[in-house]
1. Relative to the present Cα-Cα distance, how much length would full extension add between GLU88 and SER42 at 0.36 nm per residue of separation?
2. Given R₀ = 35 Å, what would the calculated FRET efficiency be for LYS111 paired with LEU54, taking r from the Cβ atoms and rounding to 0.05?
3. By per-residue mean of other Cβ atoms within 10 Å, what is the highest-first order of 85-94, 59-68?
4. Report the residues of the range 80-110 in range of a label on SER71: point 7 Å along Cα→C-beta, backbone N strictly under 17 Å from it.
Amino acid sequence: MPRRRMTLPKKKEDIEKIVEEVEREHHHEHEHHHHHHHHEESDLEIAIKVLEDLVDSLSARAKVLESRIDSHSIAIGTLYKVVAHLVEAITAEDDESKLASLRNALQELDKLKNL
């Protein structure tokens, strides 16, 4: 049976609701302590699967964040290059050098389209 993906709660109220449900279920189990060992194993298996799903969800989120960080790092580096070319254009003595620097800045900006 494929494991179902779960999302982690984001709001404090959602987390509190889950804690209340777990505490209620835990209290219910104490009241009905006569459950069979097999049933307890089943509950343990369910809890393990839920934890595995949560770990999978966290892992997936971490990969997305790592990808975004890499992309942002590249974009920031490119923007620094653009600024450097603009400074060259501003400080250039002749129009030909200014144009060359501005073209270089535009080429760097074009690289951002692919990110």
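Each reported figure results from applying straightforward, stated rules to the coordinates on display, with no laboratory input. Note that this is a predicted model, so its numbers are computed, not measured. Reconstructed Cβ throughout: ideal geometry from the backbone, glycine too, with neighbour counts over all protein chains shown.
1. Contour length minus the Cα-Cα distance gives 9.6 nm.
2. With R0 = 35 Å, the Cβ-Cβ based efficiency is 0.40.
3. Highest-to-lowest ranking by the protection proxy: 85-94, 59-68.
4. Residues passing the 17 Å test: 110.
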